Structure formats: structure tokens, C-alpha cells
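Peer 1: Handing you a structure now.
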Amino acid sequence: MTKIHDYFQAEKNESLVFVIVGATAILCGFYFLLVVNSKFYNGLSWPLIFIAIMQIFVGTIIYFRSPTDEKRVTNFAQNSPKNINNLEIPRMGKVMTKFKLYRYIEIGLIILGLILFLIASPTGFWRGVGLGIIIQAGIMLLADSFAENRGQHYLEFLKATFS
């Protein structure tokens, strides 16, 4: 059961990092908006703030859900291993499919951010928006790649142990 615990503990830890990154992005965004207050930094602030709200929301949900998920899967493993095959492996299959979708969205956002950054005026609002999108989408892509890798190892463990 150590691998189950390790997987969900890592999920919980990464979600806490996601919340901290989101809170930091919000603070930076408001600082840029209220203190620096130039077109470029105003543009940079909006993606930082709006994407950070999503990061905090998702991170908080995962943080509080992980212990319950760990108990559920540990219970399956100890008391009804067939539920690992019937419930947990299919659930993880769906999670892994979603990671592919997230990767495409995040790469698309990075491309959009690059386009905005490259075509906008050097000190303009839209150049700041582009940079903000690049930063936030890049952070999300990095975090999701760690989570996807961890999920793949967890899924392989479940299949090898319970199939």
C-alpha cells in the first residue's frame, strides 16, 4: 500500500505547490496592476490573476480530495481488489486521457501567448498579456507533465499488481 500512499501524497503535495504558485501569481498580478501600472504590466497582470484563480481552485480541490481518494483505493486493495480493476484502473485511464487534452490546450496557449508577445508593440498591453499567458501555461504544462508521469507509474503499478 506504500505505492498508493506515495501517489496520493505526491498529488497532495503538488496541489499545495499549485495553490502557492497561484497565490504568488495573484499577488504579482495585483502588484503589476496597482503599483507598476504600465500598459505592459497591466496586460501581464490579467492572465496571471485569472489563471491563478483556476490554479488555486483546482489545487485546493485536489489537496482536500487526495486523502479520501487514498483511503478509498487502500480499502479496495485490502478488502476488494476487484474494485481496483473495475473502478480505479478505469478512473486513472480517464485521468491519463485528460492529461493529453490538457497538454494540447497548454501548448496552444503557449503558442497564442508567443504570437501575442511577438506581434504586439514592445511596451503594449497585448505583449504583456502574451507573456502572462506564456508564463501561466508554461507552469501548468510543467506541473501537469509531473502529474501525468506520476499517474502513469501509478497506473502501471495498479495493472501489474491487481490485474
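Peer 1: Provide the net charge surrounding Asp6, with neighbours chosen by a C-beta distance below 12 Å and charges set as Lys +1, Arg +1, Asp -1, Glu -1.
Peer 2: Values: positive: Lys3, Lys12, Arg150; negative: Glu11, Glu70.
Net of charged neighbours comes to +1.
Peer 1: What FRET efficiency comes out for the pair Asn13/Lys39, r = Cβ-Cβ distance, R0 = 30 Å, nearest 0.05?
Peer 2: Rounded to the nearest 0.05, the efficiency is 0.20.
Peer 1: Wrap a convex hull around the Cα atoms of the chain, take a quarter of its surface area, and give that in square nanometres.
Peer 2: Values: hull surface 37.0 nm².
Mean shadow area of the hull around the Cα atoms is 9.3 nm².
Peer 1: Just need the relative contact order of the chain here, percent rounded to a whole number, with Cα pairs under 8 Å and 6+ apart. Let's see the in-between values first.
Peer 2: Details: 201 pairs, mean separation 50.7, N = 163.
Across the chain, relative contact order equals 31 percent.
All of the numbers you see were taken from the coordinates with simple rules; none came from a lab. Keep in mind that what you see is a predicted model, and the values were worked out from it rather than measured. We place every Cβ from the backbone using ideal geometry, glycine too, and count neighbours over all the protein chains shown.
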